[in-house]
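Here's the structure we're looking at; comments come further down.
The values are calculated or read from the model by the stated rules, or taken from the named source; none is laboratory data. Nothing here was measured: the structure is a model prediction, and the numbers come from that model. Backbone-built Cβ (ideal geometry, glycine too); neighbour counts: all protein chains shown.
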C-alpha cells in the first residue's frame, strides 16, 4: 500500500462482519417461522 | 420440493456467492487512494441500497396491481418484498455510518439522503405494524397497498435528493446518464455484488411468500 493511503481497515472489517450477521439472522428467522407448525 | 425449501437453497447459494464477492473485493480489487480500505464498504452498501429500492418499487407495483385485480398473490408478494426490503435497508443504514465515520468524520448527518433513507426504513416498519394491526384480510391488504405506493414515492425522492439538496452523500457514480465513474475492476466487483444481493432477495422473498401462504392456509382452516 502506498504512503498516504488512509489506514481505516477496522471500519471495513466491521462492515464486512455486520452484513453477513444481518443476513444470517434473517435467514434463521425465516427458517424458524417456516418450520414452525 | 416446497417453495420455502427452494428459497432456502437460493439463499444458501447467495451466501456462498457473497463469500466469493468478499474474496474478490478484498484480494482482487484495488484500494482507493483517497479513502483507503474503508472504500470497499461500497461493494456492500451500494448493492444493498439498490436492492432496497428495487424491493420497494416491486412492493409499489404489486400494490397498484392489487388494488385493481384484488389478487391475493400480489398482496402476499408485496408483504414478502417489503420485509426483505426492510432487512436490506437495515444493511444500508448500518454500513453507511460505518463508511461515513472514517470518510466524513461523522457517523451520521441529518441531510436529505440519509434522513429520507431512515424515513423509508421507518415507513417499512410502519407497513409491517399496519399489517399486524388490521385483522380483516381485505382491509389489511388495501391499507398496506396504499402505504406500499407511498413508499415508492419516497424511493423516487431518495434517489433525487442528492441532486435537489446540498449533501455530504456522493451523487450516483454508476446509475447516472454519463459513463460510470469507477475503474473497470471496481465496477465488475460492484456488479457481481449486486447480482449476489439480487439472488439473496429472490431467495428471501420465496421463503417469505411461502410463510404468508402457510399462514393464510392456517387462518382459513380455523
**OP:** Would you check which residues across the range B:1-23 are surrounded by fewer than 16 Cβ atoms within 10 Å (Cβ to Cβ) and more than 10 Å from chain A (Cβ to nearest Cβ) and list them?
**Re:** B:1, B:6, B:9, B:13, B:16, B:20, B:23
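Among the candidates B:135, B:86, which residue alone is within 14 Å of chain A (Cβ to nearest Cβ), under 23 Å from residue B:209 (Cα atoms) and either modelled with pLDDT of 95 or more or over 17 Å from the mean Cα position of the chain (by Cα) (or both)? First the steps, then the outcome.
On the way: B:135 fails: within 14 Å of chain A (Cβ to nearest Cβ).
Criteria check complete, one pass: B:86.
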**OP:** Working only within the range B:19-34, note down all residues that are free of Cβ contacts under 8 Å to residues at least 12 places away in the same chain and closer than 16 Å to residue B:200 by Cβ.
**Re:** B:19, B:22
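Residue B:139: surrounded by fewer than 16 Cβ atoms within 10 Å (Cβ to Cβ) and either in contact with a helix residue (DSSP H, G or I) (Cβ under 9 Å, 6 or more places away or on another chain) or free of Cβ contacts under 8 Å to residues at least 40 places away in the same chain (or both), yes or no?
Working: surrounded by fewer than 16 Cβ atoms within 10 Å (Cβ to Cβ): yes; either in contact with a helix residue (DSSP H, G or I) (Cβ under 9 Å, 6 or more places away or on another chain) or free of Cβ contacts under 8 Å to residues at least 40 places away in the same chain (or both): yes.
Yes; evaluated as a whole, the condition is true for this residue.
Would you confirm, using the coordinates I've provided, whether residue B:48 is within 10 Å of chain A (Cβ to nearest Cβ) and either surrounded by 19 or more Cβ atoms within 10 Å (Cβ to Cβ) or touching a residue at least 40 places away in the same chain (Cβ under 8 Å) (or both)? Steps first, please.
Details: within 10 Å of chain A (Cβ to nearest Cβ): yes; either surrounded by 19 or more Cβ atoms within 10 Å (Cβ to Cβ) or touching a residue at least 40 places away in the same chain (Cβ under 8 Å) (or both): yes.
Yes; evaluated as a whole, the condition is true for this residue.
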Original post:
For residue B:54, are the conditions met, namely being under 27 Å from residue B:158 (Cβ atoms) and surrounded by fewer than 22 Cβ atoms within 10 Å (Cβ to Cβ)?
Top reply: yes
Original post:
If the Cβ limit is 8 Å and pairs must be 6+ apart or interchain, which residue in the range A:1-14 that is within 15 Å of residue B:30 (Cβ to Cβ) and more than 7 Å from chain B (Cβ to nearest Cβ) pairs with which residue that is at pLDDT 95 or above and surrounded by 14 or more Cβ atoms within 10 Å (Cβ to Cβ)?
Top reply: none
